[in-house]
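Engineer: One structure follows; several queries about it will come next.
The values are calculated or read from the model by the stated rules, or taken from the named source; none is laboratory data. For clarity, every value in this text was computed on a predicted model and none was experimentally measured. No Cβ is skipped: glycine too gets one built from the backbone with ideal geometry, and neighbour counts run over all protein chains shown.
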């Protein structure tokens with residue numbers, strides 16, 4: 001039995017006939033905007049896609065919508081180097097291999113797929129330098145009716161550090177899942193600032209020697225000679241001025257005492 005090739009296994013791919021009918025153009029190289037969403041193809045009585053093989057013919061595409069199909073392989077899109085806006089939401093995508101070859105890509109919608117880890121899309125950070133708007137889920141209240149949580153979230157969105165990790169891996173993003181990141185970061189920064197302990201609380205005063213400014217020697221000693229605290233005449237030198245003042249006071253007291261005695265003696269003789 002002959003083994004089926006990927007081309008043969010694809011039940012509905014991007015044939016020239018389908019692309020021309022969907023775009024209304026004869027020359028596919030001139031098509032710059034193309035809506036191949038499941039809703040649009042159903043309206044034109046065209047089936048759902050499970051492969052993007054053949055889309056390479058539309059080399060001038062700037063915007064492409066292939067949402068709502070059963071697509072799992074994005075590698076055929078690598079040929080669309082002018083693509084700036086891509087909607088592949090609601091498919092069967094686990095990895096985004098091929099999209100890293102789109103240097104002009106600015107807006108990417110990946111909601112409703114099966115991306116489980118940030119590592120599965122990390123290649124976009126290197127290859128898609130112009131990427132500014134990325135959707136892995138819809139903002140609250142913007143999901144399709146009937147979806148389990150109303151947000152068409154990929155499994156990765158349920159990780160506790162989802163937003164923080166995305167900001168680290170994709171620092172150039174302006175919006176994530178429909179939310180402006182600058183406003184989100186400003187709000188987070190304001191919250192952290194309001195919770196922060198004042199800087200002064202963490203400032204430790206500059207250390208100084210505990211005896212700084214203390215003079216171990218008297219001014220009298222500085223005028224004459226340096227006397228160490230351990231010198232045998234330290235106490236005598238340190239109290240010399242006080243001892244002189246005390247002796248003068250004692251002489252004054254003695255003089256008063258002598259005068260008082262003389263007065264007492266003169267009173268006795270009267």
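Engineer: Cβ-Cβ distance below 7 Å, separation of 6 or more or different chains: which pairs start in segment 159-170 with a residue that is outside the structural domain of residue 125 (by TED's automatic domain parsing) and end on one that is at pLDDT 90 or above and surrounded by fewer than 16 Cβ atoms within 10 Å (Cβ to Cβ)?
Structural biologist: none
Engineer: Could you pull out the residue among 105, 124, 110 that is within 19 Å of residue 77 (Cα to Cα), at pLDDT 90 or above and under 19 Å from the mean Cα position of the chain (by Cα)?
Structural biologist: 124
Engineer: Now for a different question. In segment 103-131, which residues are in a loop (DSSP other than H, G, I, E, B) and surrounded by fewer than 16 Cβ atoms within 10 Å (Cβ to Cβ)?
Structural biologist: 103, 104, 114, 116, 117, 122, 129, 130
Engineer: On the given criteria, is residue 173 in contact with a helix residue (DSSP H, G or I) (Cβ under 8 Å, 6 or more places away or on another chain), modelled with pLDDT under 95 and assigned to a loop (DSSP other than H, G, I, E, B)?
Structural biologist: The answer is yes for residue 173.
Engineer: Mind listing whichever residues of segment 77-102 are crowded, with 22+ Cβ neighbours inside 10 Å, within 26 Å of the chain's Cα centre (by Cα) and not in a loop (DSSP other than H, G, I, E, B)?
Structural biologist: If the condition is that a residue be crowded, with 22+ Cβ neighbours inside 10 Å, within 26 Å of the chain's Cα centre (by Cα) and not in a loop (DSSP other than H, G, I, E, B), then 99 is the only one that fits.
Engineer: What's the total number of residues in segment 22-76 that are surrounded by 16 or more Cβ atoms within 10 Å (Cβ to Cβ), in a helix (DSSP H, G or I) and within 37 Å of the chain's Cα centre (by Cα)?
Structural biologist: The total comes to 1.
Engineer: Among the residues of segment 150-161, how many are crowded, with 18+ Cβ neighbours inside 10 Å and either over 16 Å from residue 140 (Cα atoms) or modelled with pLDDT under 90 (or both)?
Structural biologist: 2
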